[in-house]
Amino acid sequence: MIDGSWTSTAQFSGYRWVWLDRLGKVQLMGTRNHIRRESALHSEMEALRWAMESMLQHSTCQSFGIDYKDLIAMIYELHAWPSFATELERMETLKICFPDFKITHIPRAQNQISDFLPRTARSFHRILYFIGCYIPVWLPRSPQI
């Protein structure tokens, strides 16, 4: 499960992925921020790229869920988005590494664990990069997590 967070006024964009096993138990998660991207779509794409790179290093995950339908359309209709050609070329290169790559839409209401932390990462006033099996105590938590 993947999410990005972006606002036009924030210094950073925030990214988050959560690797869940078949029973829905968290196996690994990552959250980070980066200097604000051009748009919300750019931030979602960056979150997906980082999740794919992380899964290649840490798991055998082949299926990704995201709540941003435009990004899913971009992945399957590359030529319909010429202004994103460079970013989509990077995604295509990554997709080749996944023999059974799938990306599906997850409604935001079902993506709460991935929704809260990118907003938190975006609001940090310094660079944040975390990968681990649990949410560290120094990172603020959502009431639902």
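Among the residues of the range 5-38, what is the count of those that are over 21 Å from TRP138 (Cα atoms), surrounded by 15 or more Cβ atoms within 10 Å (Cβ to Cβ) and of a type in the set (D, E, K, R)?
Residues in the range 5-38 being over 21 Å from TRP138 (Cα atoms), surrounded by 15 or more Cβ atoms within 10 Å (Cβ to Cβ) and of a type in the set (D, E, K, R): 2 in total.
State which residue pairs qualify: first residue closer than 16 Å to SER5 by Cβ and inside the range 125-145, second residue modelled with pLDDT of 90 or more and among the β-branched types (Val, Ile, Thr) in any location, beta carbons under 6 Å apart, and separation of 6 or more residues or different chains.
PHE130/THR31
What number of residues in the range 42-71 are within 19 Å of THR93 (Cβ to Cβ) and in contact with a helix residue (DSSP H, G or I) (Cβ under 6 Å, 6 or more places away or on another chain)?
5
Of all residues in the range 62-71, how many are buried (at least 19 other Cβ atoms within 10 Å of the Cβ) and either closer than 12 Å to GLY30 by Cβ or free of Cβ contacts under 8 Å to residues at least 60 places away in the same chain (or both)?
Within the range 62-71, residues that are buried (at least 19 other Cβ atoms within 10 Å of the Cβ) and either closer than 12 Å to GLY30 by Cβ or free of Cβ contacts under 8 Å to residues at least 60 places away in the same chain (or both) number 1.
Return yes when MET1 is buried (at least 18 other Cβ atoms within 10 Å of the Cβ) and in contact with a Ser or Thr (Cβ under 8 Å, 6 or more places away or on another chain) and no when it is not.
yes
Determine whether MET74 is surrounded by 12 or more Cβ atoms within 10 Å (Cβ to Cβ), in contact (Cβ under 8 Å) with a residue 12 or more places away in the chain, more than 24 Å from ILE127 (Cα to Cα) and among the hydrophobic types (A, V, I, L, M, F, W, C).
Yes.
Specify the residue that is modelled with the lowest pLDDT; the eligible residues are those in the range 72-93 that are touching a helix residue (DSSP H, G or I) at 6+ places or on another chain (Cβ under 6 Å) and farther than 23 Å from ARG108 by Cβ.
Looking at the filtered set, the residue picked out is LEU78.
The values are calculated or read from the model by the stated rules, or taken from the named source; none is laboratory data. What you see is a predicted model; the values in this text were computed from it and never measured. Cβ sites come from the backbone with ideal geometry, for glycine too, and all protein chains shown count toward neighbours.
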